[in-house]
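Notes follow once the structure below has been shown.
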Amino acid sequence: MHQFQYTRATDIDTALRLFATQGTGPPPRFLAGGTTLVDLMKLDVETPAHIIDINGLGLNDIEVLPDGRTRIGALVRNADLARDERIAAQYPVLSQALLSGASAQLRNMTTTSGNLLQRTRCVYFRDRAARCNKRNPGSGCDAIDGHNRNLAILGTSEHCIASNPSDMNVALMALDATVHVQSPDGRRDIALRDFYLLPGDTPQRETVLQPDELITHVSLPASAAGARSCYVKLRDRASYEFALVSAAVVLQVRDAHILSASIALGGVGTRPWRCPSAEAELRGQVPSAALYEQAAQSALQGAVAQSENGFKIELARRCLIHTLSTALPPK
């Protein structure tokens, strides 16, 4: 690991000022739980000259706002968020997703903002001897002709097929979460569906965040009465493993009809993958096995398999059907 300067910030303005006063060289990094950043620093994938510790900023509260929304501080640990009674009752899909991720020890450290920015687990991204356009733009992508069993089938490009590894973010995508950020220029709110970028020709850019922006909160819309939700994760082993495929669904039901549907897939996309075409298939319909099959087929339209991950197309179809059937059994 390279030498670096460490500073502990005590408020948001100080953290942003410390970031802004850096000179040339590798940009600083904000440190929260560190479960991704420190790991990548040990591998020399991340080599910041300055670490700004933001654990003292006080962004660790979960609040229900007067309009019914729930606001989650950027530094709320995944374990605390998953076990919060309000989250478990109003947003069970989020609690389920969090509890399926990593291990108990890691959930005790991992933060909401850190999970939003979690980097891919692609072995070529993490190996400095390999070609990786995400780590070294223009160098090539060894994953395309290499070991790609765990990588993406949706949203890929000729430059990158790395999958987004998060469980939490799949649930947040289905819940229509909003990310709140602050910079020296002020605050802005970003819908999560607009937060992540497809790799395209610039896989090194993963989100719309600017370098000097700090995530302060995530907010969830008020949970609708009668909402049904579920998160299902399929993986090679029962714990401490990333998803081959996962699905998060949130359904609103009225008079035995699906009033609205939100669907997101994990493990298969270069970002947490929202499925608007599948949602449209469900809207206004009576739940049935045939309907769920049709929605799942629609969700996987455009999937592109690589040499080792073609099985994910069928696995994702079955995963989504099972998740829908668990949340709302077909007639």
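The values are calculated or read from the model by the stated rules, or taken from the named source; none is laboratory data. Predicted model, so just to flag it, every value in this text is computed and none were measured. Ideal geometry is used to build each Cβ from the backbone, glycine not excepted, and the neighbour counts take in all protein chains shown. Surface accessibility is based on the protein's heavy atoms, side chains included, excluding ligands, DNA and RNA. Shrake-Rupley method; radii C 1.70, N 1.55, O 1.52, S 1.80 Å.
By the Cα gyration tensor, the range 5-55 has an equivalent ellipsoid whose semi-axes, rounded to whole angstrom, run 19, 14, 6 from largest to smallest. Amide H contacts of ARG274 (H built 1.01 Å from N, in plane; Pro and chain starts excluded): LEU265 sit under 5 Å, all sequence-distant by 5 or more or on other chains. Compute the distance from the alpha-carbon center of the range 93-119 to that of the range 199-269, in whole Å. Their Cα centres are 13 Å away from one another. Considering only C-alpha atoms, what is the centroid distance from the range 283-324 to the range 24-81, in Å? For the range 283-324 versus the range 24-81, the Cα centre distance is 34 Å. With contributions of -39500 (n - 2.57) from each DSSP H run of at least four residues, the per-residue ellipticity at 222 nm computed over the chain stands at -7000 deg cm²/dmol.
Expressed in Å, the radius of gyration and Dmax of the Cα atoms of the range 27-172 are 17.1, 52. For the peptides 52-61, 265-274, 5-14, the ranking by packing is 265-274, 52-61, 5-14, with the highest mean count of neighbouring Cβ atoms within 10 Å listed first. Phi angles across the range 285-297 convert, under the Karplus curve 6.51 cos²θ - 1.76 cosθ + 1.60 with θ = phi - 60°, into 3J(HN,Hα) values of 9, 7, x, 8, 4, 5, 5, 5, 4, 5, 5, 5, 4 Hz, Gly and Pro given as x. Between the Cα long axis of helix 311-327 and the first principal axis of the chain there is an angle of about 70°, rounded to the nearest 10. Close amide H pairs (under 5 Å, H built 1.01 Å from N) link LEU31 with ILE52, ASP53, ILE54, residues at least 5 positions away or on another chain.
For the chain, a simple Cβ point-charge model (Lys and Arg +1, Asp and Glu -1, everything else neutral) yields a dipole of about 500 debye relative to the Cα centre. Close amide H pairs (under 5 Å, H built 1.01 Å from N) link VAL268 with SER246, residues at least 5 positions away or on another chain. For the chain, the solvent-accessible area of protein heavy atoms averages 45 Å² per residue (probe radius 1.4 Å; ligands and nucleic acids excluded). Extents of the range 227-327, largest first, come to 44, 29, 23 Å (Cα atoms, principal axes, whole angstrom).
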